[in-house]
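Quick notes on the structure that follows.
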Amino acid sequence: MAMGQRKAEVDILDYDEEIVALIDLPGVAKEEIDLRVSEEEIFLEAPARRPDGKYTRRERGLRFFRKVELSEEVKPEQVRARFENGVLEVHLPKLVVAPSTRVDVE
């Protein structure tokens with residue numbers, strides 16, 4: 001993680017049909033969220049709010065950043081995301097792979 005970045009906290013829930021990621025982004029406007037999803041991971045970046053003024057101590061980063069590898073492949077083109085009260089909720093439909101079928105060899 002680069003200097004000045006904060007690790008966004010993430011909870012991942014695994015359901016039969018989808019994976020749901022809950023990502024904390026306090027003080028971020030939804031227009032500022034850069035969310036990218038591939039079949040195997042989530043990538044997120046967003047600016048962190050910092051009040052103007054003279055700091056006597058600064059520990060919080062300038063940007064939120066998070067890259068999360070998913071436990072199963074998902075369909076990126078069907079991902080839905082909603083942002084409310086500082087929490088980004090990302091619904092990732094699982095890529096359903098048909099089970100293998102036995103083939104009789106003649």
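None of the figures in this text is laboratory data; all of them are computed from the coordinates on show. Just so it is clear, the model here is predicted, and its values are computed rather than measured. For neighbour counting, all protein chains shown are included, and Cβ atoms are generated from backbone atoms with ideal geometry for every residue, glycine included.
Quick notes
- Candidate set: segment 33-56, residues that are among the charged types (D, E, K, R) and more than 14 Å from the chain's Cα centre (by Cα); chosen: the one farthest from residue 73 (Cα to Cα): 54
- For segment 72-86, a tally of residues being surrounded by fewer than 14 Cβ atoms within 10 Å (Cβ to Cβ), more than 11 Å from residue 30 (Cβ to Cβ) and of a type in the set (D, E, K, R) returns 2.
- Matching residues, segment 1-32, being among the aliphatic types (A, V, I, L, M) and either over 24 Å from residue 78 (Cα atoms) or out of contact with any His (no Cβ under 9 Å at 6 or more places or on another chain) (or both): 1, 2, 3, 8, 10, 12, 13, 22, 23, 25, 28, 29
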